[in-house]
1. Amide H to amide H, which residues 5 or more places from residue 70 or on other chains are under 5 Å from it, using H placed in the peptide plane?
2. Output the peptides 168-174, 105-111, 145-151 sorted from most to least packed, where packing is the average of other Cβ atoms within 10 Å over each peptide's residues.
3. Which of the listed residues, 50, 167, 116, is farthest toward the dipole's positive end in the range 2-180, when Lys, Arg count +1 and Asp, Glu count -1 at the beta-carbon?
4. Which shape class, rounded, prolate or oblate, goes with the range 144-185 when its Cα gyration tensor gives a ≥ b ≥ c as root eigenvalues, a/c under 1.5 marks rounded, and past that a/b bigger than b/c marks prolate?
5. Could you please state how large a percent of the accessible area of the range 92-185 is carbon and sulfur, counting protein chains only and using a 1.4 Å probe?
6. Taking 0.36 nm per intervening residue step and subtracting the Cα-Cα distance, what contour gain separates residue 48 from residue 144 on full extension?
7. Classify the chain from the C-alpha gyration tensor, please: rounded if a/c falls under 1.5, else prolate or oblate depending on whether a/b exceeds b/c.
8. Can you tell me the relative contact order of the chain? Whole percent, Cα pairs under 8 Å, sequence separation 6 or more.
Amino acid sequence: MKVIVFLAPGFEEVEALTVVDYLRRISSLKVEMISIAEGLMVTGSHQIEVKADRHIDELDSLDGYAAVVIPGGMPGAANLRDDPRVIGVVRAMDEAEKIVAAICAGPIVLAQAGIVTGRNVTSYPGFEDAFPDSCYQQAAVVRDGRIITSRGPGKAVDFALELVTVLAGAEAAETLRKNILYDRK
C-alpha cells in the first residue's frame, strides 16, 4: 500500500517527517515523499533541506496509492494549495475513495479542492475562515470518513498514529505507539 506525502517549499518539517518516519515503520506501507519544487531537494519552513523520493511530474498513475498526506507550514501549505497538480491528485484520490489527510495549514488544500464541504475538519488556529461550508472543530485530530485533519506540529504523532490506524489497523498503531514510547497523557 503506497502513501503520498507532498513536499513544497516552506513545508513544516515536523509534520511531514513524523508521518513519513512512523508510516515507514509499518512494513505494509510504502511512503513516497513527492516534491512539487523544481527538483527533488525541498527546503522546509525552518530551512531544513529534504530530498524527496520523486517529483510530482513523475506521477503518471495513482493506482496502488491508498492515501495522500498534506503537511502544513507556511508558505508550504499555500504552495500546495496553489498548485493545480496537487489539487488534481487530491480530487482524484477523494473520487477514488482513498484516504486524504492534512495537518496544520494543510487542510486549506482540501478546501481548495472542494472536498470538505459539509465535513468535520480542523486546522491550525487562524485558518477557520477557510472552511465556511465545513463543520469546524478544535480537536487534535478529526476523522470524517476518509478525510483526516489535524491541528499542528504538536499533534503530528497523534496524526501519524491515526493514519496508521486507518491504513494498517488499530493493532499496528498500538504496537507503534508502544515502540515509540508514546503516552497520550
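1. Result for residue 70 returns 101, 102, 103.
2. Packing order, densest peptide first, comes out as 105-111, 145-151, 168-174.
3. 167
4. oblate
5. C and S atoms contribute 44 percent here.
6. Working it through step by step, the gained length comes to 31.3 nm.
7. Since a/c stays below 1.5, the shape of the chain is classed as rounded.
8. Relative contact order comes out at 20 percent.
The values are calculated or read from the model by the stated rules, or taken from the named source; none is laboratory data. In this text the structure is predicted, and so the values were computed from the model without any measurement. Cβ coordinates were reconstructed from backbone atoms using ideal geometry, including for glycine residues, and neighbour counts include every protein chain displayed. Note: areas computed on protein heavy atoms with side chains; ligands, DNA, RNA excluded. Shrake-Rupley method; radii C 1.70, N 1.55, O 1.52, S 1.80 Å.
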